[in-house]
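*Asks:* Okay, handing you the structure first.
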Amino acid sequence: MRKTILALLMTGLLLSVGILATHADEGGVVRFATLPPGPGHPEGIAADAKGNIYVATFDFSTTNAIHIFGNNGRLLDTTPLLGAVPLGLAFDAAGNLYAANFGGGNVIKFSPPFTHASTPSAVFPVCGGMAAGCGLNAITFDAAGDLYVSDSFGGNVFKIDLPGGSVSTFVNDELLKPGSHGFPGFGANGLAFSSDGATLFVANTADDRILKINVASKTVTVFAESVNGADGILFDGSGRLWVAANQADEVVALDANGRVVERRGSFEGIGPDGAAKGLLFPASIVLSNGSLFVTNSALALTETGVSEPEADVKTFTISRIPLGGH
């Protein structure tokens, strides 16, 4: 009896600090972290070298924030983002954190250490923001350390030469635009370079496509189609391209031919705490310590929103998907 009681106490302790996973759905999805009360709709996500997970909220109703979670899912700190509506997050090789400000048309840089008192160490103006028909979204870095940011409205991928910060249009192409009938109405979104740096892959959310840009020629072609709401993307160690399919409530892996070779996750309803079970509008993904971490943005995008399960979400979460040996 004593051993049984001790085992139960230990299980409760491990659950309380986030070491043991909660119930997983058929795709192996478990809740990793819960956002504190305040701004919702987690979108951008990044991981530092220690495995801490950084999550930016995408909320137009209040001051947004970057939440920092330890690798056990515990909240470590929160950095307010005054006046910013952030999307993509990414670290450079030196450990600086960059956020694409969708609302303001700029990229914001934070330098470590990251705390609730952190303020931007630099701001790089890129475009005129939403008022100018520009919606900065995802960011990534090339091997030289220069930054690339997608523009979901104007069909652009911009390049920021670092550390100086000079901005140029890397590519502008009709294939990167959302078109007039796509849904959700975001064109160029997630970005990821191939391992050799010769190709930049771009998700077009409205078209349900993954595009690829030849870095040398700047030619844009179609790599994969029918990924419902293609959003954040990344390559794993096996060379598979993972895509957050925000309208399918799943993440999928594509092989070198653009074919789906694995699917993970599904929407399993709303729990008693008002949080989505499984995945709900998965927007961005990051790979850390053998797992995918996924933001459940839970954005209701129809005119009223009442017909969507996202309307019932009161608690916002980050999911984890172990990849095993991949």
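*Asks:* Just subtract the alpha-carbon distance of Asn214 and Glu308 from 0.36 nm times their residue separation and send over the number in nm, one decimal. The partial results should precede the final answer.
*Replies:* Details: separation 94, 0.36 × 94 = 33.84 nm, distance 3.82 nm.
Taking 0.36 nm per residue and subtracting the Cα distance, the gain is 30.0 nm.
*Asks:* Can you check what the Kirkwood hydrodynamic radius comes to for the range 97-154, Cα pairs only, in Å to one decimal? Write out the running numbers ahead of the final one.
*Replies:* Details: mean 1/r = 0.0835 Å⁻¹.
By the Kirkwood definition, the hydrodynamic radius is 12.0 Å.
*Asks:* With a probe of 1.4 Å, find how much accessible area the range 233-279 has per residue, and write the answer as a whole number in Å².
*Replies:* Numbers: 1940 Å² over 47 residues.
So the range 233-279 comes to 41 Å² accessible per residue, rounded to a whole number.
*Asks:* Oh, and also: Most fluctuating residue of Ile139, Ile270, Ile68 in a GNM of the chain with Cα springs under 10 Å: which is it?
*Replies:* Among Ile139, Ile270, Ile68, the largest mean-square fluctuation in the Gaussian network model of the chain belongs to Ile270.
*Asks:* To test your reading of the geometry: what angle, between 0 and 90 degrees and rounded to tens, separates the Cα axis of helix 2-16 from the longest principal axis of the chain?
*Replies:* Taking the Cα atoms of the chain, the angle to 2-16 is about 20 degrees.
*Asks:* Shifting gears a bit: Sequence neighbours fewer than 8 away in the same chain don't count; with that in mind, list the lysines whose C-alpha is under 26 Å from Lys277.
*Replies:* Output for Lys277: Lys314.
*Asks:* Order the following by accessible area, largest value first: His67, His116, His181, His41. Probe radius 1.4 Å; ligands, DNA and RNA are ignored.
*Replies:* On the way: His67 5, His116 125, His181 170, His41 45 Å².
Output order, biggest surface exposure first: His181, His116, His41, His67.
*Asks:* Find the all-direction average of the projected area of the Cα convex hull for the chain, expressing the result in square nanometres with one decimal place. Show your work: numbers first, answer last.
*Replies:* On the way: hull surface 68.8 nm².
Result: a mean projected hull area of 17.2 nm².
*Asks:* Defining a contact as two alpha carbons under 8 Å apart and six or more residues distant in sequence, what relative contact order in percent does the range 181-326 show?
*Replies:* Working: 361 pairs, mean separation 21.5, N = 146.
Answer for the range 181-326 is 15 percent.
*Asks:* For the chain, calculate the relative contact order in percent as a whole number, restricting contacts to Cα pairs under 8 Å that are 6 or more residues apart.
*Replies:* Details: 889 pairs, mean separation 45.6, N = 326.
It comes to 14 percent, rounded to a whole number.
*Asks:* Over the chain, what percent of the accessible surface lies on carbon and sulfur atoms, probe 1.4 Å? Write out the running numbers ahead of the final one.
*Replies:* Numbers: 7560 of 14110 Å².
Accessible surface attributable to carbon and sulfur in the chain totals 54 percent.
*Asks:* Which one of Gly269, Gly40, Gly135 has the biggest mean-square fluctuation once the chain is modelled by GNM with Cα springs under 10 Å?
*Replies:* Gly269
*Asks:* May I pose another question? Pop a pseudo-label 7 angstrom from the Cα along the beta-carbon direction at both Thr115 and Ala131 and give the gap in nm to one decimal.
*Replies:* For the pair Thr115/Ala131, the computed spacing is 3.5 nm.
*Asks:* Next up: Go ahead and set up a Gaussian network model of the chain, Cα springs under 10 Å, then flag whichever of Pro178, Pro39, Pro163 fluctuates most.
*Replies:* For the chain, modelled as a Gaussian network with Cα springs under 10 Å, the answer is Pro163.
*Asks:* Return the FRET efficiency for the residue pair Ala144, Asn228: r is the Cβ-Cβ distance, R0 is 45 Å, and the value is rounded to the nearest 0.05. Don't jump to the answer; show the numbers that get you there.
*Replies:* Working: r = 34 Å, r/R0 = 0.76.
Once the sixth-power term is evaluated, E becomes 0.85.
*Asks:* Still on this model: How big is the range 115-238 by Rg and Dmax over its Cα atoms, in Å?
*Replies:* Taking only Cα atoms of the range 115-238, I get Rg and Dmax of 14.5, 44 Å.
*Asks:* When only Cα pairs under 8 Å and 6 or more residues apart are kept, what is the percent relative contact order across the range 83-144?
*Replies:* On the way: 121 pairs, mean separation 20.2, N = 62.
That works out to 33 percent.
*Asks:* I would also like to ask the following. Can you give me the accessible area per residue for the range 32-83, using a 1.4 Å probe, in Å²? It would help to have the intermediate numbers written out before the result.
*Replies:* Values: 2070 Å² over 52 residues.
Averaged over the residues of the range 32-83, the accessible area is 40 Å².
*Asks:* Another question about this same structure. Would you please state which residues of the range 217-240 a label at Ala198 would reach in this model, taking the label point 7 Å out along Cα→Cβ and a backbone N cut-off of under 20 Å?
*Replies:* Answer for this model: 217-224, 235-240.
*Asks:* For the range 176-242, take the convex hull of the Cα atoms, compute a quarter of its surface area, and give me that in nm², please.
*Replies:* Working: hull surface 16.8 nm².
If you wrap the Cα atoms of the range 176-242 in a convex hull and average its projections, you get 4.2 nm².
*Asks:* If you don't mind, there's one more thing I want to ask. For Leu75 and Asp161, compute 0.36 nm times the residue count separating them, minus their Cα-Cα distance, and round to one decimal in nm. Present the calculation step by step, with values, prior to reporting the outcome.
*Replies:* On the way: separation 86, 0.36 × 86 = 30.96 nm, distance 3.32 nm.
Using 0.36 nm per residue and subtracting the Cα-Cα distance, I get 27.6 nm.
*Asks:* If one puts a single equal scatterer on every Cα of the range 141-209 and applies the Debye formula without solvent, what log₁₀ I(q)/I(0) results at q = 0.12, 0.13 Å⁻¹?
*Replies:* Relative scattering, expressed as log10 I(q)/I(0), comes to -0.31, -0.37.
*Asks:* Measure out, as a whole number of angstrom, how far apart the alpha-carbon centroids of the range 100-117 and the range 138-173 sit.
*Replies:* 16
*Asks:* Continuing with the same structure: Are any of the pairs Lys109/Lys177; Lys109/Lys159; Lys159/Lys212; Lys159/Lys218; Lys50/Lys159 more than 18 Å apart by Cα-Cα distance, and if so, which?
*Replies:* Working: Lys109/Lys177 26 Å; Lys109/Lys159 15 Å; Lys159/Lys212 16 Å; Lys159/Lys218 13 Å; Lys50/Lys159 28 Å.
Correct reply: Lys109/Lys177; Lys50/Lys159.
The values are calculated or read from the model by the stated rules, or taken from the named source; none is laboratory data. None of the values given here were measured: they were computed from a predicted structure. Quick reminder, even Gly has a Cβ in these numbers, built from the backbone with ideal geometry, and neighbours come from all protein chains shown. Heads up: the accessible areas ignore ligands, DNA and RNA and are worked out on the full protein's heavy atoms, side chains in. Shrake-Rupley method; radii C 1.70, N 1.55, O 1.52, S 1.80 Å.
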